[in-house]
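Participant: Mind looking over this structure? Questions follow.
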Ligand code: NAD
Ligand code: MG
């Protein structure tokens, strides 16, 4: 049967999406992110694996949680208190594939919580094989003067410190064959004027990923980063610094002239933790940018 190809069928701008406060909530979005991946065929690639996914309540994280469940994994997701409803929806979606989903609510800007999240995931899932450090804080600013020290700290705490703390805590559980993925961004390569702090954290994420990958080769643990261009998730409609026009034309500047949908990212997150698919790939930053060359 011929199906409409995903590459041409995904939604294109203009988007009449409503603004939200931060963190954005997927269930409040008018134009829903596509996480279903209807053309994807699962093959039990992650049978009985246990995965911790931060930001698994919504956006890319939700699409990854659902695809991991379809591949036979149990997942634990981290989210903030305001996002409980989104988290419960993800849990329900994972359970539809007869897999467990543990909900871990808290603030990743706190080192103590990062450690607790890893330990809870290990205990409640009965193991830990995969860490997906995917949560991020993003707030656009018109000028550097608007970046307060508090805001700079928060962005670094959530985006890069949490990756460090989660990884350190997970290392006592991860075994040969385990894998770590972090969500980076094309902004690490571009350094957009309105995201000085956010894009700097993504640059740090890329370099930390390369260093970590080198140091974990001897343990048989692989580490890779995914660097998306614009993706249709709650992150941008909830960015208080994003202009209305930015949301309406979101993704238009990519060569493909539209944003990615979460379902177009999630298969790579399966590939990068699947030993059968990517056992020789570690220390890379893989762009998913709709044709924009960033390497
Ligand atoms: P999203 O809003 O759905 O996910 C981000 C998640 O981060 C939230 O769900 C929230 O649970 C979590 N988070 C934020 N602050 C937190 C805190 N203090 N404690 C705990 N959790 C916290 O948006 P998304 O676009 O799916 O984002 C996922 C990743 O993708 C992020 O790393 C983001 O930087 C990256 N990314 C997104 C885009 C895009 O255009 N949407 C582009 C490039 C990279
Ligand atoms: Mg969310």
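A short reminder: the numbers here are calculations on the coordinates, not readings from a lab. What you see is a predicted model; the values in this text were computed from it and never measured. We place every Cβ from the backbone using ideal geometry, glycine too, and count neighbours over all the protein chains shown.
Participant: Going through 93, 103, 128 one at a time, which residue ends up being in contact with a helix residue (DSSP H, G or I) (Cβ under 6 Å, 6 or more places away or on another chain) and away from ligand 2 (no atom under 15 Å from the Cβ)?
Facilitator: Selected residue: 128, the only one of 93, 103, 128 that is in contact with a helix residue (DSSP H, G or I) (Cβ under 6 Å, 6 or more places away or on another chain) and away from ligand 2 (no atom under 15 Å from the Cβ).
Participant: Taking the conditions exactly as written (in contact with a strand residue (DSSP E or B) (Cβ under 8 Å, 6 or more places away or on another chain), closer than 29 Å to residue 144 by Cα and buried (at least 18 other Cβ atoms within 10 Å of the Cβ)), does residue 260 satisfy them or not?
Facilitator: Taking the combined requirement at face value, the residue satisfies it.
Participant: What number of residues within segment 53-74 are closer than 19 Å to residue 260 by Cβ, more than 8 Å from ligand 2 (Cβ to nearest atom) and not in a helix (DSSP H, G or I)?
Facilitator: Result for segment 53-74: 2.
Participant: Quick check: is even one residue across segment 27-36 surrounded by fewer than 17 Cβ atoms within 10 Å (Cβ to Cβ), part of a helix (DSSP H, G or I) and either under 18 Å from the mean Cα position of the chain (by Cα) or away from ligand 1 (no atom under 15 Å from the Cβ) (or both)?
Facilitator: yes
Participant: Hey, another quick one. Looking only at residues in segment 227-245 that are more than 8 Å from ligand 1 (Cβ to nearest atom) and touching a residue at least 24 places away in the same chain (Cβ under 8 Å), which one is nearest to residue 214 (Cα to Cα)?
Facilitator: Checking each candidate, the answer is 239.
Participant: Tally up the residues in segment 72-86 that are buried (at least 24 other Cβ atoms within 10 Å of the Cβ) and more than 8 Å from ligand 1 (Cβ to nearest atom), please.
Facilitator: So the count comes out to 4.
Participant: Continuing with this model, one more query. Looking only at segment 89-113, count how many residues are within 13 Å of ligand 1 (Cβ to nearest atom) and closer than 23 Å to residue 234 by Cα.
Facilitator: Total satisfying the criteria: 10.
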